[in-house]
Amino acid sequence: MLDWLEQCRRVYNYALAERKDWINSRKCPVNACSIRQEYIITARTPYPDYYKQQNALTKAKELIPELKAVHSQVLQDALKRLDKSFKFKQERGFGFPRFKKFGQYRSFVFPQFKSNPVNGFEIKLPKVGAMPINLHRLIPDGFQVKQVRVVFKASGWYAQLILQADVSVPEIMPQGEPIGIDLGLEKFLAVSTGELIERPRFFVDLQSKLRWLQRKLKNKKKGSANYRKVQAKIRALHEHIHNVRREFHFLTAHSLCDLAGMIFAEDLNLKMMSRGMLAKHCLDAAWGSFLEILKWVAWKRGVYFAKVDPNGTSQTCPQCGAHTGKKELSERVHHCDECGYITDRDVAAAQVVEQRGLVAVGQTVILPVEEGCLGTPMKQETSRAILGSPRSTRSRVSVGRMSLLNL
């Protein structure tokens, strides 16, 4: 299957080069040419879209015998992946597809099956045959296997099953106890109830080990056996960091869903926050991945999830609604001069997020100072973790399943 990945990579790169050359040939002016070089393609040559490249793939198999060993639909999926990248680039306006280096193409797809390929603890793939797998969960009744994606990782081969069932999932309506959350670097997450979650340093704690391995890789001869061994260790370390971070995100998401029936978060500009001197720590926290996981877990467990405007959440008092002014990052305590409310800065921002979320869903919000519940100001600076969700609640939806292939 490693040879299949390499052939898919070659098809992907050739198709990308063909499209790139056609685009570059249309960039030069009509009355001038570049001083260095110029792409010369006949003006009548049509744009090599997915369908033209798919038809050309049949002729390429006659000239390149290695392509015949790969399933035809697997190679077509490589062209389809490139076509999706170009369409995504046109929608965003940036992000031109790049060539895949050796080892960077790590998955291929079988797009359709006539019957269920999973038989007990074996999976039967076209042109590959029956292979033993570690099936994590049985396929539920009424679900049909539509696609299988084979993924190569540092820990082994995985098969991701895409299932389909004729079921209708009702839209989740706002209900139950609401909470707001505020993401940060001092604390990974602050809940409007006053609970704080410490931020684990997934990448930063293992950065020294990664630097040591990369230094060893630099001293090895490129392409040698020792070079590949060090490369495998680096890939395994990156996969370990990813797995630990993902486990933490799932446990935290389930813990939040245990607390309330409505969860509100800030609609952050994550692209802007991943730039600057704190970029490494922002990317290490992976707020975007956590919000996507939280949204998926909330949908699975019937909890309403929504994002609100993040502007001014740390400059608004959750008790009286007064504007407290911009705070420095070193100021970790919220103090309102109007009503005297004192609490943790992130907790106050989470409470403001909760109030904005309730307004967004059409509920009336009465500030505590308006209903006479202000009382004595309390200072909340204790950190209480809400982790520890039982592992049994971390079940993935049946449309995405990973199974280890025992090769």
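With every protein chain in place and a 1.4 angstrom probe, the accessible-area ranking of Leu251, Leu237, largest first, reads Leu251, Leu237. Backbone amide hydrogens, once placed in the peptide plane, bring Gly176 within less than 5 Å of nothing, excluding anything fewer than 5 places away on its chain.
Surface analysis of the range 1-144 yields an accessible area of 68 Å² per residue, using protein heavy atoms and a 1.4 Å probe. When the solvent-accessible area of the range 88-145 is split by element, carbon and sulfur atoms take up 51 percent of it, the probe being 1.4 Å. Along the range 210-218 the Karplus relation, 6.51 cos²θ - 1.76 cosθ + 1.60 evaluated at θ = phi - 60°, assigns HN-Hα couplings of 5, 5, 5, 5, 5, 5, 5, 5, 5 Hz to successive residues, with x for each Gly and Pro. Taking the C-alpha atoms only, the angle from helix 2-25 to the longest principal axis of the chain is near 90 degrees. For the set Arg345, Arg98, Arg92, Arg149, solvent exposure ranked by accessible area (probe 1.4 Å, protein chains only) runs largest to smallest as Arg98, Arg92, Arg149, Arg345. For Thr316, the solvent-accessible surface with a 1.4 Å probe is about 30 Å², rounded to the nearest 10. Assign one of three labels to the range 140-292, namely rounded, prolate or oblate, based on the Cα gyration tensor with a ≥ b ≥ c the square roots of its eigenvalues; rounded applies when a/c is under 1.5, prolate when it is not and a/b is larger than b/c, and oblate otherwise. The shape class here is oblate.
Using the Cα centre of the range 4-124 as the reference point, and only Cβ charges (+1 on K/R, -1 on D/E), how large is the resulting charge dipole? Debye, rounded to the nearest 20.
It comes to approximately 280 debye.
Of Ser72, Ser330, the order by accessible heavy-atom surface (1.4 Å probe, DNA, RNA and ligands excluded), from most exposed downward, is Ser330, Ser72.
Principal-axis analysis of the Cα atoms of the chain puts helix 225-259 at an angle of about 40° to the longest axis. In this simple spin-label model, placing a label point 7 Å from the Cα along the Cα-to-Cβ direction at both Asn119 and Gln147 gives a separation of 2.5 nm. The distance linking the range 187-214 with the range 58-91 is 40 Å (Cα centroid to Cα centroid, whole angstrom).
Magnitude of the charge dipole for the range 232-371, about its Cα centre and with charges confined to Cβ atoms of Lys, Arg (+1) and Asp, Glu (-1), is about 880 debye.
Here, the range 93-145 has an Rg and a Dmax of 16.2, 47 Å when only alpha carbons are counted. What is the log10 of I(q)/I(0) for the chain, computed with the Debye formula using one identical point scatterer on each Cα and no solvent, at q = 0.08 Å⁻¹? Normalising to I(0) and taking log10 leaves -0.63. For helix 287-301, what angle does its Cα long axis make with the longest principal axis of the chain, in degrees from 0 to 90 and rounded to 10? Around 80 degrees separate the two axes.
A helix-only calculation puts the chain at -12500 deg cm²/dmol for mean residue ellipticity at 222 nm, using -39500 (n - 2.57) for each DSSP H run of at least four residues, averaged over all residues. Dipole magnitude for the range 206-312: about 1380 debye, using +1 per Lys or Arg Cβ and -1 per Asp or Glu Cβ, origin at the Cα centre. Calculated over the range 79-200, the projected area of the Cα convex hull averaged across directions stands at 13.7 nm². When you restrict to C-alpha pairs under 8 Å that are six or more residues apart and normalise by the size of the chain, the relative contact order lands at 18 percent. The calculated FRET efficiency for the pair Lys52 and Leu367, based on their C-beta separation and a Förster distance of 56 Å, comes to about 0.35.
Multiplying the residue separation of Leu329 and Lys233 by 0.36 nm and subtracting their alpha-carbon distance yields 30.8 nm.
Using only the Cα atoms of the range 262-344, build the gyration tensor, take square roots of its eigenvalues as a ≥ b ≥ c, and label the shape rounded, prolate or oblate: rounded if a/c is under 1.5, else prolate if a/b is larger than b/c, else oblate.
In terms of gyration-tensor shape, oblate.
Rounded to the nearest percent, how much of the accessible area of the range 239-320 (1.4 Å probe, protein heavy atoms only) is carbon and sulfur? Taking all protein chains in place, the range 239-320 shows 55 percent carbon and sulfur surface. Taking amide H positions as modeled 1.01 Å from N, with prolines and chain starts lacking one, the residues under 5 Å from Phe305 and 5 or more places away or on another chain are Ile263. Remark: spin-label model distance Leu213-Lys84 equals 2.8 nm, labels positioned 7 Å along the Cα→Cβ axis.
The values are calculated or read from the model by the stated rules, or taken from the named source; none is laboratory data. The shown structure was predicted, so the numbers you read here are calculated from the model rather than taken from an experiment. Quick reminder, even Gly has a Cβ in these numbers, built from the backbone with ideal geometry, and neighbours come from all protein chains shown. Heads up: the accessible areas ignore ligands, DNA and RNA and are worked out on the full protein's heavy atoms, side chains in. Shrake-Rupley method; radii C 1.70, N 1.55, O 1.52, S 1.80 Å.
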